[in-house]
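Right, one structure below, let's go through it.
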Amino acid sequence: MELFLNEVFSFPIIIFTVPLIVFMLFWLMAFAGLIDIEILDFDTDSDADATSGTWIESLGLDGVPLTVVLTLVDIYAFAFTYLARKYLMPLFDGVLTATAVGFIVAVFAVVIAIPFAAICCKPLRKVFHTHEAVSKKDLHGVICTVTTQTVTESFGQAASDDGMVYTIRANVPNDLSKGSRVVLLEFSQETDSYTVASEAEVMAMSSSSV
């Protein structure tokens, strides 16, 4: 174990080890519902974001949150760098400095990791697929389950029964928590999110209006 730790925290593997630790902590927090997995995804209305989206699509990394893309690339780059340091770098002893070889290996590891990450992204697109044919404004009334620990005016996420994931917002204070059933009420294009209310609250409002 000590030998393995010495390896993964040595150059150039450490370039990918540190981000991998960060991503592991991120996904633990995401699975606990403490953070939105789409935290790095932004609206693509601007020219800069549109160009970035085209670049990602050209690499086959589109259709999933950017956090998933970065995690996959880092995992593969880490693995390739680990193998290269163990079996390839010794071949260049005396030819190039260890630092130079390390940087070259790190760059090639990223280049090699990208197509492997793209292959993994293909089946994952179904999980994060959104039905573009249906306007987001027309989805009001859809019942979802909250997947984050809380829902506030600036944070929250929920999933519908068919697996669709939505960014949601609600006025505070409220009793919404992970597992609560909510109804999508109004879509905000500005924040790309839905205002929600609990299913019980919406049913009560409907009953009183009859």
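The values are calculated or read from the model by the stated rules, or taken from the named source; none is laboratory data. As the structure is a computational prediction, the values presented were derived from the model and not from experiment. As a convention, Cβ positions derive from the backbone with ideal geometry for all residues, glycine included, and neighbour counts pool all protein chains shown. All accessible areas refer to the heavy atoms of the entire protein, side chains included, with ligands and DNA or RNA removed. Shrake-Rupley method; radii C 1.70, N 1.55, O 1.52, S 1.80 Å.
Anything in the stretch 144-190 that is open to solvent by 60 Å² or more (accessible area, probe 1.4 Å) and under 23 Å from V127 (Cβ atoms)? List them, or say none. Don't jump to the end; show me each part of the working.
Of all residues in the stretch 144-190, those open to solvent by 60 Å² or more (accessible area, probe 1.4 Å) come to 149-150, 153-154, 161-162, 171-173, 175, 178, 181, 185-186, 189-190.
Answer for the stretch 144-190, where residues must be open to solvent by 60 Å² or more (accessible area, probe 1.4 Å) and under 23 Å from V127 (Cβ atoms): Q149, D161, D162, K178, R181.
Yes or no, residue by residue, for (1) among the hydrophobic types (A, V, I, L, M, F, W, C); (2) part of a helix (DSSP H, G or I); (3) open to solvent by 80 Å² or more (accessible area, probe 1.4 Å); (4) touching a Gly at 6+ places or on another chain (Cβ under 9 Å):
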{"position": "W55", "(1), (2), (3), (4)": "yes, yes, yes, no"}
{"position": "L61", "(1), (2), (3), (4)": "yes, no, no, no"}
{"position": "V64", "(1), (2), (3), (4)": "yes, no, no, no"}
{"position": "V68", "(1), (2), (3), (4)": "yes, yes, no, no"}
{"position": "A77", "(1), (2), (3), (4)": "yes, yes, no, no"}
{"position": "Y82", "(1), (2), (3), (4)": "no, yes, no, no"}
{"position": "L91", "(1), (2), (3), (4)": "yes, yes, yes, no"}
Inset, instruction - Give just the number: which of (1) in a helix (DSSP H, G or I); (2) among the small types (G, A, S); (3) under 24 Å from the mean Cα position of the chain (by Cα) does A159 not satisfy? - result: (1)
Inset, instruction - Filter the stretch 110-133 down to the residues that are farther than 13 Å from D62 by Cβ, of a type in the set (A, V, I, L, M) and at pLDDT 90 or above, then identify the one that is surrounded by the most Cβ atoms within 10 Å (Cβ to Cβ). - result: A113
Inset, instruction - Taking the residues in the stretch 1-20 that are part of a loop (DSSP other than H, G, I, E, B) and without any contact (Cβ under 8 Å) to a residue 24 or more places away in the chain as candidates, determine which candidate is most open to solvent (accessible area, probe 1.4 Å). - result: M1
Inset, instruction - Pairs only if they're at least six apart or on different chains, beta carbon under 9 angstrom, first in the stretch 45-64 and of a type in the set (D, E), second open to solvent by 90 Å² or more (accessible area, probe 1.4 Å) and modelled with pLDDT of 55 or more; list them, first residue then second. - result: D49/F42
Inset, instruction - Could you run through the stretch 162-197 and say how many residues are in a loop (DSSP other than H, G, I, E, B) and over 20 Å from the mean Cα position of the chain (by Cα)? - result: 11
Legend entry - Total residues in the stretch 106-124, condition farther than 30 Å from G163 by Cβ and free of Cβ contacts under 8 Å to residues at least 40 places away in the same chain: 5
Inset, instruction - Evaluate the following for A98: is it surrounded by fewer than 16 Cβ atoms within 10 Å (Cβ to Cβ) and under 25 Å from V18 (Cα atoms)? - result: yes
Legend entry - F103 without any contact (Cβ under 8 Å) to a residue 60 or more places away in the chain and outside any strand (DSSP E or B): no
